[in-house]
1. Quick one: is residue B:221 part of a helix (DSSP H, G or I), under 18 Å from the mean Cα position of the chain (by Cα), at pLDDT 95 or above and among the aliphatic types (A, V, I, L, M)?
2. Quick check, is residue B:26 at pLDDT 95 or above, open to solvent by 10 Å² or more (accessible area, probe 1.4 Å) and facing another protein chain (nearest Cβ under 9 Å)?
3. Of the conditions (1) aliphatic (A, V, I, L, M); (2) surrounded by 19 or more Cβ atoms within 10 Å (Cβ to Cβ); (3) more than 14 Å from chain B (Cβ to nearest Cβ), residue A:124 clears all except one; give me its number.
4. Which of the following residues is touching a helix residue (DSSP H, G or I) at 6+ places or on another chain (Cβ under 6 Å) and either among the small types (Gly, Ala, Ser) or modelled with pLDDT of 95 or more (or both): B:4, B:55, B:37?
5. If you scan the range A:79-106, which residues turn out to be touching a residue at least 60 places away in the same chain (Cβ under 8 Å) and open to solvent by 10 Å² or more (accessible area, probe 1.4 Å)?
6. Since residue B:230 meets every condition but one in (1) closer than 25 Å to residue B:52 by Cα; (2) out of contact with any Leu (no Cβ under 8 Å at 6 or more places or on another chain), which condition does it not meet?
7. For the range A:1-56, give me the residue count where each residue is within 11 Å of chain B (Cβ to nearest Cβ) and in a loop (DSSP other than H, G, I, E, B).
8. What tally of residues in the range B:1-19 results from selecting those that are part of a helix (DSSP H, G or I) and facing chain A (nearest Cβ under 7 Å)?
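The values are calculated or read from the model by the stated rules, or taken from the named source; none is laboratory data. Just so we're clear, the structure is a prediction, and the values are computed from it rather than from any experiment. We place every Cβ from the backbone using ideal geometry, glycine too, and count neighbours over all the protein chains shown. To get the accessible areas, we keep the full protein, side chains included, count just its heavy atoms, and leave off ligands, DNA and RNA. Shrake-Rupley method; radii C 1.70, N 1.55, O 1.52, S 1.80 Å.
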Amino acid sequence: MKIGVLALQGAVTEHMQMLSALDAETIPVRIPSELNGLDALVIPGGESTTISKLMSDYGLMEPIRKLAEQCFPIFGTCAGLVLLAKRVPNLEMETIGVMDIEVKRNAFGRQVDSFEANLEIPALHNGNFRGVFIRAPVVEKAESDVEVLCKLSDKPVAVRQGKLLACAFHPELTEDLRLHRYFLDIIKGDTDCKK
Amino acid sequence: METGTFKVKSGLAQMLKGGVIMDVVTPEHAKIAQEAGACAVMALERVPADIRAAGGVARMADPTIIKAIMEAVSIPVMAKCRIGHFVEAQVLEALGVDFIDESEVLTPADESHHIWKHDFKVPFVCGCRDLGEALRRIAEGAAMIRTKGEAGTGNIVEAVRHMRAVQDGIRKLQGMPVDELTTEAKNMGAPLEVALEIHKTGKLPVVNFAAGGIATPADAALMMQLGADGVFVGSGVFKSSDPASRAKAIVKATTHYKDPAVIAEVSKALGTAMPGLDIKTIPPEELLATRGW
């Protein structure tokens, strides 16, 4: 299995190491031609503004949007969640905009308010998961075809729609491979992406 | 919910990787930097080239400026405090800045001791010239390291020297038999525990950026190819003739640092880079990199 990791900025190597630990082949993606032949894409944590601008400048927005619309699996963490959302209020940048969610950036405050918390993710084996939230976003609204995998203080922080998976926290900053393994299962599975 | 853990502090640095952090002195600068794709900005009263020119005592910036910059952009905002000036650091934490740079660019407040950074919820980045210095700062709680280079000169030579020294130190510790580590750690002035970790993993436990003298897209890519996780650009952007274009070009060169064709393309028609300074012409007492230990 060949998985691209969007390598414009952010926690790229962390995701690549986790995917390698699960025996997936990983490719850093910086230009559109590097999307060819991939089975899936990971959009890492980082600065969403920076990643969005570099995606637009190098023509990555449209091809990734097209892939997502054709049931191509994408996993976004933190900045990745922001970039996958259809609605992000007060955003002065473009997003891929393929998940039917509204996301609020820096929803918990500035860096001094960043935190770790124990989460319950029933979709994972042994549901308890240590969530690392750094200047994290949150899902304010999710349409009915979006599955909420995990909530914190009553707000969704991990969601799935078809083969698109996104979370507000950073599994790539932990040693816990379960969410990445869950993504690999999505890639292998025969999810129907049609609404 | 646990705030201020080391994971959360060093994690923010990990999110900045592959990015460019730019010095800004006004909200307008900060917006130009954000628009260019900077992953964070450093809020200052003066860029290092002007601090160097002005002389005298350089201190933490006026909170009014820092606050105005924080309100102007959504990317993380860093600010500098003097080496050892833990009250300036307390003030910056109270202001809510996202990262504190305990920086040699400002006049040190303590010639013997750096800040005990474990006491803070806000993460710190500190400068270093070699691995020993990096490990001392990490032991004190730094969540991110950068080379010192020689700020405000537009001359990359010191940043290269410091990055190579750090990498050389890592290779040396990694390749050394474990029973020689105690002496080596003592010789480099590094705590044994952190030296042992480097010996095992072959890498720093925190992110390491390059800083001090980056003025062109090629400078940024050079530091990335030498192993930096990202770059700080101080005077290099806003002391050049066309800051917006240069800022964008440096961001692209940092992302595509392995691709000379991209670096060539973005380096075209950027106007004049900041004026450079030969390090040898700077009197030793005016060198910034020798501040701190």
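1. Values: part of a helix (DSSP H, G or I): yes; under 18 Å from the mean Cα position of the chain (by Cα): yes; at pLDDT 95 or above: yes; among the aliphatic types (A, V, I, L, M): yes.
Taking the combined requirement at face value, the residue satisfies it.
2. Criteria not met by residue B:26.
3. Result: residue A:124 fails condition (2) only.
4. Just a single option satisfies the conditions, and that option is B:37.
5. A:98, A:100
6. Condition (2) is where residue B:230 drops out.
7. 11
8. Number of matching residues: 6.
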